[in-house]
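The values are calculated or read from the model by the stated rules, or taken from the named source; none is laboratory data. Remember, it's a predicted structure, so these values are computed and weren't measured experimentally. For neighbour counting, all protein chains shown are included, and Cβ atoms are generated from backbone atoms with ideal geometry for every residue, glycine included.
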Protein chains: 2
Amino acid sequence: MLEGKFDEASLLKKIVDSIKDCVKLCNFNCTEHGITVQAVDDSRVLLVSLLVGQSAFSEYRCDRDITLGIDLESFSKIIKCGNNEDYLTLLAEDSPDNVMTIFEDKKKERVSEYSLKLMDIDSEFLKIDDMDYDSVINMPSGEFSKIVRDLKNLSESLNIIVTKDSVKFSSEGENGTGSVVLKPYTDMDHPEESINVNLENPVDLTFGLKYLSDIIKATSLAGTITIKLADKTPALFEYKLDAGGYLRFYLAPKFDEDD
Amino acid sequence: MLEGKFDEASLLKKIVDSIKDCVKLCNFNCTEHGITVQAVDDSRVLLVSLLVGQSAFSEYRCDRDITLGIDLESFSKIIKCGNNEDYLTLLAEDSPDNVMTIFEDKKKERVSEYSLKLMDIDSEFLKIDDMDYDSVINMPSGEFSKIVRDLKNLSESLNIIVTKDSVKFSSEGENGTGSVVLKPYTDMDHPEESINVNLENPVDLTFGLKYLSDIIKATSLAGTITIKLADKTPALFEYKLDAGGYLRFYLAPKFDEDD
DNA sequence: CGTGGACATC
DNA sequence: GATGTCCACG
């Protein structure tokens, strides 16, 4: 039996909204440690990996592993039925046909329950190894979001060049080119505003802006994004959940024609 | 001669917007006590009953009874020509071909006049008797609106069960089910947030969400909705106008096949 | 944070 | 034309 209670429905809402535009169906794998999701986007390019740790719940209990095959669009509609600050509880039996979502108003005695029919969803669970990256960037998630939104107007690709003392995002299109250069910067008063670059080796990589646009939908989940880059390796874009857990996106860079 | 002046054009705008989606044509019956409208929606299922009391006007005069046959879509377009906070005056002769709508800006000396051609509209005026209901619910109109919008995602019918200490709204569809349970609740500081249930007899009734969706368009007219229910009897959904009057909707419950 | 209006989309 | 989403306001 699974019983997971969020102190604020808005957390689950943000999580689901962050991935539902690129993943339609996915399995929620519930274990005693929390809930994980692994899925590829519909074009099978972007890999999404979510962990909602046990600590992100105000109450959590999962006696044995349970898989919930969820249609995220329907689930999203259900989540919108609660208010952001309601308690939200997920309930499922050990071999469930349905998952129950329960909202409780913190003041009034209002309780809403929604049952969602589950689906059988095929999916291999990939073991993703921790690895060493050439460059690791930490920056405000909103700033990364704006860069992606701005440069998307110019072309379909975003080039990221990390050197010892700067990160350059740039895009070249028919109508013009654009670039944003960031220097590492530490804001004592507002640490979340800091830009941190950890450089093992310089990198020069290009990504599809279509996928980056999906990634930045998670911006509201965390004030900071961590971008880990290495040559010819899927990049990792990570949003850490304050309450415990993460939403990670893996995206392979575009390769030059001669590779 | 009719001369009715609203202190705020927005009041008439809200009223017309509240009913124009389900009623295309209707008679405005003007008497010395104010203006009443009675109409059925286009599918002849929902009965709409409006009273704009004399007190809702800042100035009101109606020497003898006048009937204004109005096309609400055209009228709505005219009303949108004023600003919300303008004075709005309705003018009509005793046997009018037209009704005049006059907007006056409160500060500027701007006056706009629009004349709308009237129509001959057949309609029996039903005498609706006050009656005793089994259950009477008072709740925030916005909360009722949200319940209808949320449960409409699931199916076409809304079931309402009122018992001694709770009101349960529920809906069952193919992809899942949903329910909202409210307990009576008194908010001293914000009385409009209170939920009040007056129970003579428990009820268990089902309504078409299509019609309820039309009803909740009146939400902005009043902070509170009163729902009066009785077995095998049209339910009454009432929005009271602060300034005096009401907008009432009568909707018959769905009957079980075996009735 | 919730509400209402405006805009863009289907 | 109607709906859903976004943004600004209270």
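Overview of values
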| item | result |
| --- | --- |
| Odd one out for B:Asn198 among (1) out of contact with any Cys (no Cβ under 9 Å at 6 or more places or on another chain); (2) more than 16 Å from DNA strand C (Cβ to nearest atom); (3) at pLDDT below 95 | (3) |
| B:Lys80 being of a type in the set (Lys, Arg), within 16 Å of DNA strand C (Cβ to nearest atom), more than 30 Å from B:Thr233 (Cβ to Cβ) and surrounded by fewer than 21 Cβ atoms within 10 Å (Cβ to Cβ) | yes |
| Members of region B:17-45 found to be of a type in the set (Asp, Glu) and out of contact with any strand residue (DSSP E or B) (no Cβ under 8 Å at 6 or more places or on another chain), listed by number | B:Asp17, B:Asp21, B:Asp42 |
| Verdict on A:Lys168 being surrounded by fewer than 17 Cβ atoms within 10 Å (Cβ to Cβ), basic (Lys, Arg), without any contact (Cβ under 8 Å) to a residue 60 or more places away in the chain and part of a strand (DSSP E or B) | yes |
| Search result, residues across region A:127-159 that are surrounded by 16 or more Cβ atoms within 10 Å (Cβ to Cβ), in contact (Cβ under 8 Å) with a residue 40 or more places away in the chain and assigned to a loop (DSSP other than H, G, I, E, B) | A:Tyr133, A:Asp134, A:Ser155 |
| Residue identified as modelled with pLDDT of 95 or more, closer than 23 Å to A:Gly244 by Cα, in contact with a Lys or Arg (Cβ under 7 Å, 6 or more places away or on another chain) and more than 10 Å from chain B (Cβ to nearest Cβ) among A:Phe28, A:Phe57 | A:Phe57 |
| Subset of region B:151-165 that is in contact with a Gly (Cβ under 7 Å, 6 or more places away or on another chain) and of a type outside the set (S, T, N, Q) - its residue that is farthest from the other protein chains (Cβ to nearest Cβ) | B:Glu156 |
| Residue identified as β-branched (Val, Ile, Thr) and over 20 Å from B:Glu8 (Cβ atoms) among B:Ile78, B:Ile147, B:Ile102 | B:Ile147 |
| Scan of region B:117-174 for residues that are of a type in the set (A, V, I, L, M, F, W, C) and touching a Cys at 6+ places or on another chain (Cβ under 7 Å), ordered by number | B:Ile121 |
| Residue within region A:110-130 that is within 16 Å of DNA strand D (Cβ to nearest atom) and farther than 23 Å from A:Val197 by Cα present | no |
| From the options A:Lys13, A:Lys5, residue that is assigned to a helix (DSSP H, G or I) and at pLDDT 90 or above | A:Lys13 |
| Matching option when the condition is within 16 Å of DNA strand C (Cβ to nearest atom) and either under 20 Å from B:Glu156 (Cα atoms) or surrounded by 21 or more Cβ atoms within 10 Å (Cβ to Cβ) (or both), among B:Lys210, B:Lys217 | B:Lys217 |
| Boolean, B:Ser55 is outside any loop (DSSP other than H, G, I, E, B) and either touching a residue at least 60 places away in the same chain (Cβ under 8 Å) or among the hydrophobic types (A, V, I, L, M, F, W, C) (or both) | yes |
| Selected residue (criterion: nearest to DNA strand D (Cβ to nearest atom)) from residues of region B:67-78 that are out of contact with any Lys or Arg (no Cβ under 9 Å at 6 or more places or on another chain) and in contact (Cβ under 8 Å) with a residue 40 or more places away in the chain | B:Ile70 |
| Subset of region B:176-207 (residues that are facing another protein chain (nearest Cβ under 8 Å), of a type in the set (Val, Ile, Thr) and crowded, with 19+ Cβ neighbours inside 10 Å) | B:Thr177, B:Val180, B:Ile195 |
| Residue identified as at pLDDT 95 or above and over 14 Å from the mean Cα position of the chain (by Cα) among A:Leu209, A:Leu229, A:Leu151 | A:Leu229 |
| Those residues of region B:131-157 which are among the hydrophobic types (A, V, I, L, M, F, W, C) and more than 16 Å from DNA strand D (Cβ to nearest atom), in sequence order | B:Met131, B:Val136, B:Ile137, B:Met139, B:Phe144 |
| Which listed residue is assigned to a strand (DSSP E or B), under 24 Å from A:Asp65 (Cα atoms) and facing another protein chain (nearest Cβ under 10 Å), from A:Val99, A:Val111 | A:Val99 |
| Odd one out for A:Cys81, checked against (1) outside any strand (DSSP E or B); (2) touching a strand residue (DSSP E or B) at 6+ places or on another chain (Cβ under 8 Å); (3) away from DNA strand D (no atom under 16 Å from the Cβ) | (3) |
| Residue that is farthest from DNA strand C (Cβ to nearest atom), among those in region A:84-96 that are outside any loop (DSSP other than H, G, I, E, B) and closer than 13 Å to A:Leu2 by Cβ | A:Ala92 |
